[in-house]
Amino acid sequence: MKLGIIADIHEATDYLDACLQRLQLLQVDRIITLGDIYELGHRLDQTCRLLAGSSVSGVWGNHDFGLCQPDAGELGNRFAPESVAYMQSLTARLRVEDCQFAHIEPWLNPESLEDLWFFEGSPTTAQRRTQIFSSQPDRILFAGHYHRWLLVSPEETVAWDGKQPVSLADGRYFVVVNALVNRAFATYDTESGLLTPLHLES
């Protein structure tokens with residue numbers, strides 16, 4: 001299966017529209033968002049229309065959490081019912097084949113607002129690697145949140161800058177996908193194990 005992966009959209013509708021068109025041309029089988037769709041709400045309805053129109057599924061981020069809960073209260077009243085329904089279709093975690101998708105590191109609880117806002121530097125220490133890979137059984141663990149590219153194995157932080165494809169065919173990996181607000185997104189082929197970082201032209 002060829003997956004399109006989009007992280008940290010933050011209502012960047014022009015980038016999102018271009019990204020979705022690119023993924024359509026690449027003939028991905030499924031598109032997944034890693035959360036943080038919401039920014040200030042000014043373009044949320046348009047953002048959700050684009051995502052729903054491309055059948056994008058995914059997980060919520062720290063910016064999305066309140067709107068993704070069953071009772072969004074006054075916040076939900078600010079947006080079209082279709083937008084609220086889309087946001088509430090997002091989940092804490094998503095699994096596809098041997099991959100798990102969440103907004104944050106897998107040892108954290110995405111149903112806890114405190115954990116969703118956790119940030120104590122990039123997860124590159126031996127302690128954080130142990131926490132990541134001992135917390136979940138999935139072979140490939142995807143996250144967003146950090147607005148950068150990052151590739152970590154149980155043994156090391158891999159020397160990879162997100163400028164070229166990388167094979168994840170063997171071993172276990174934690175992958176941070178750079179943010180769409182940085183014009184970045186990715187594809188991942190679950191059969192070949194090839195992760196391909198992509199970038200929108202300015």
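The values are calculated or read from the model by the stated rules, or taken from the named source; none is laboratory data. Computed from a predicted structure; not experimentally measured. All Cβ positions, even for glycine, are placed from backbone atoms using ideal geometry, and neighbour counts span all protein chains on display.
When you check R93 against the structure, is it closer than 20 Å to Q69 by Cα, within 16 Å of the chain's Cα centre (by Cα), surrounded by 13 or more Cβ atoms within 10 Å (Cβ to Cβ) and among the charged types (D, E, K, R), yes or no? Steps first, answer last, please.
On the way: closer than 20 Å to Q69 by Cα: yes; within 16 Å of the chain's Cα centre (by Cα): yes; surrounded by 13 or more Cβ atoms within 10 Å (Cβ to Cβ): yes; among the charged types (D, E, K, R): yes.
The answer is yes for R93.
Just checking, does region 57-74 include any residue being charged (D, E, K, R), closer than 19 Å to I9 by Cα, without any contact (Cβ under 8 Å) to a residue 60 or more places away in the chain and surrounded by 21 or more Cβ atoms within 10 Å (Cβ to Cβ)?
Restricting attention to region 57-74, the residues satisfying the condition of being charged (D, E, K, R) are 64, 71, 74.
Going one step further and asking which of them are closer than 19 Å to I9 by Cα, we end up with 64.
When the remaining residues are screened for being without any contact (Cβ under 8 Å) to a residue 60 or more places away in the chain, the result is 64.
From what's left, surrounded by 21 or more Cβ atoms within 10 Å (Cβ to Cβ): 64.
Within region 57-74, one or more residues are charged (D, E, K, R), closer than 19 Å to I9 by Cα, without any contact (Cβ under 8 Å) to a residue 60 or more places away in the chain and surrounded by 21 or more Cβ atoms within 10 Å (Cβ to Cβ).
Go through region 153-170 and give me each residue that's over 17 Å from T124 (Cβ atoms) and assigned to a loop (DSSP other than H, G, I, E, B).
Step one: of region 153-170, the residues over 17 Å from T124 (Cβ atoms) are 163-165, 167-170.
Selection gives K163, Q164, P165, L168, A169, D170.
When you scan region 175-194, how many residues do you find that are under 12 Å from the mean Cα position of the chain (by Cα) and part of a strand (DSSP E or B)? Lay out the reasoning, then the answer.
Of region 175-194, the ones under 12 Å from the mean Cα position of the chain (by Cα) are 175-180, 184-187.
Of the ones still in play, those that are also part of a strand (DSSP E or B) are 175-176, 179, 184-187.
Result for region 175-194: 7.
Regarding region 178-185, can at least one residue be identified that is farther than 20 Å from T47 by Cβ and out of contact with any Gly (no Cβ under 9 Å at 6 or more places or on another chain)?
no
Looking at region 131-153, is at least one residue of a type in the set (S, T, N, Q), closer than 22 Å to D64 by Cα, at pLDDT 95 or above and surrounded by 13 or more Cβ atoms within 10 Å (Cβ to Cβ)? Steps first, answer last, please.
Taking region 131-153 and keeping what is of a type in the set (S, T, N, Q), we get 131, 134-136, 153.
Cutting the leftovers down to closer than 22 Å to D64 by Cα gives us none.
No; the residues of region 131-153 include none that is of a type in the set (S, T, N, Q), closer than 22 Å to D64 by Cα, at pLDDT 95 or above and surrounded by 13 or more Cβ atoms within 10 Å (Cβ to Cβ).
Kindly provide the set of residues from region 97-130 that are over 28 Å from Q69 (Cβ atoms) and among the aliphatic types (A, V, I, L, M), ordered by number.
A126
How many residues does region 50-83 hold that are over 17 Å from A7 (Cα atoms) and assigned to a helix (DSSP H, G or I)? Talk me through it step by step, then tell me what you get.
Residues of region 50-83 over 17 Å from A7 (Cα atoms): 53, 66-67, 69-83.
Retained after the next criterion (residues that are assigned to a helix (DSSP H, G or I)): 53, 66-67, 73-76, 81-83.
Final tally of qualifying residues: 10.
Which of the residues that make up region 154-181 are in contact (Cβ under 8 Å) with a residue 40 or more places away in the chain and surrounded by fewer than 20 Cβ atoms within 10 Å (Cβ to Cβ)?
V181
Looking only at region 70-110, how many residues end up being at pLDDT below 95 and among the acidic types (D, E)?
Residues that pass the stated criteria total 2.
Which of the residues belonging to region 111-125 are modelled with pLDDT of 95 or more and either within 19 Å of G171 (Cβ to Cβ) or in contact with a strand residue (DSSP E or B) (Cβ under 7 Å, 6 or more places away or on another chain) (or both)?
Of everything in region 111-125, nothing turns out to be modelled with pLDDT of 95 or more and either within 19 Å of G171 (Cβ to Cβ) or in contact with a strand residue (DSSP E or B) (Cβ under 7 Å, 6 or more places away or on another chain) (or both).
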